[in-house]
Amino acid sequence: MTASTAKNEAQPPPWKEDVAYGEHPLQKLDIFKPDGPGPFPFAMDIHAGGWQSGDKKYGHGSDNAKRLLDAGVALVFINYRFVEDANKDGLYPPIKGPFYDTRRALQFTRYHAKEWGLDPKRVALTGESAGCLNALWLALSPDMAKPTSPDPVERMSTRVTAVGIGGATTTIDPEQMREWVGPEFPGCGQIVGLPEFDFDAFLKKRPELEKYFDTLSPPRLLSKDAPPIYIYYSHDLNKPEKEKDQNFYIHSPAFGVGFQKLAREKGVECHIAWKNHPAEGFNGDMADFNIRHLTQKVT
């Protein structure tokens with residue numbers, strides 16, 4: 001657990017809890033709001049769990065959440081379908097389930113923003129581990145609003161102001177994973193409906209998966225129109241080899257290093273920090289980053 005997610009038990013209960021943004025039991029969200037009349041900028045928190053488990057309550061009471069609220073930023077914590085649910089719903093690759101639900105949650109919140117005292121024009125994405133990939137996909141995709149949709153929620157923009165996240169896997173391409181992190185990288189097969197740690201099978205499926213990369217993999221989605229990004233990793237990139245375990249490789253700062261290189265080539269503001277290595281060009285953590293871009297101040 002990073003400093004940004006350390007628990008703070010003084011957090012008040014949600015302003016709204018278990019609001020359904022879709023028909024599936026996991027398509028629910030919670031809202032926390034600062035004191036005052038609003039409208040408040042908001043950050044949408046996307047939980048960890050390898051797209052196979054986890055809950056929106058993971059972020060409740062975190063230091064990250066408290067600091068955002070204290071700075072006048074509302075918080076929207078979301079649950080989303082797991083890859084198993086997406087498989088049942090006929091989505092392939094099943095990572096589309098978590099991705100599409102993240103999009104729907106954002107559009108749903110924007111649709112109700114005026115009613116809820118939120119500012120739909122000032123929105124950041126935050127979260128940890130698996131939730132980071134959802135955030136990057138959503139933030140880097142072209143605006144997915146459907147202006148002529150009969151569903152008014154789908155008419156809402158999907159563009160965001162900033163992305164401040166921690167522990168991100170930054171690609172769904174298994175070849176790129178191994179290129180960036182190394183031959184020890186063990187997992188993420190669940191992205192395409194395989195056992196998580198059957199990486200050989202994941203790599204063998206790459207030829208049939210490549211057609212999805214342009215619309216689903218963050219490095220392929222990078223463009224000069226991307227919002228500013230900050231990614232923090234709790235591991236030290238230079239940790240001694242004998243101390244590196246499975247968790248290290250799944251959350252390796254090398255994911256950030258490889259992604260940042262491509263982002264900068266596209267002219268995208270992208271800051272990467274890891275343990276014992278502060279971000280270049282931004283003096284703060286992911287909470288500070290989101291606060292800066294939503295309120296133009298750092299706490």
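Note: relative contact order over the chain, using C-alpha pairs below 8 Å and six or more positions apart, is 17 percent.
Helices meeting the span-like rule in the chain (full DSSP H runs, Cα extent of at least 20 Å along the helix axis, mean Kyte-Doolittle score of 1.6 or higher) are absent.
Note on the chain: Kirkwood hydrodynamic radius from all Cα pairs is 19.1 Å, rounded to one decimal.
Rounded, prolate or oblate for the range 84-174? Axes are the square roots of the Cα gyration tensor eigenvalues, ordered a ≥ b ≥ c, and the cut-off for rounded is a/c under 1.5. Note, shape of the range 84-174 comes out oblate.
Largest to smallest in accessible area, the residues 243, 196 fall in the order 243, 196 (1.4 Å probe, all protein chains included). Each Lys and Arg Cβ is given +1 and each Asp and Glu Cβ -1; about its Cα centre, the chain then shows a dipole of about 700 debye.
The values are calculated or read from the model by the stated rules, or taken from the named source; none is laboratory data. As the structure is a computational prediction, the values presented were derived from the model and not from experiment. As a convention, Cβ positions derive from the backbone with ideal geometry for all residues, glycine included, and neighbour counts pool all protein chains shown. Calculation scope for accessible area: heavy atoms of the full protein, side chains included, ligands and nucleic acids excluded. Shrake-Rupley method; radii C 1.70, N 1.55, O 1.52, S 1.80 Å.
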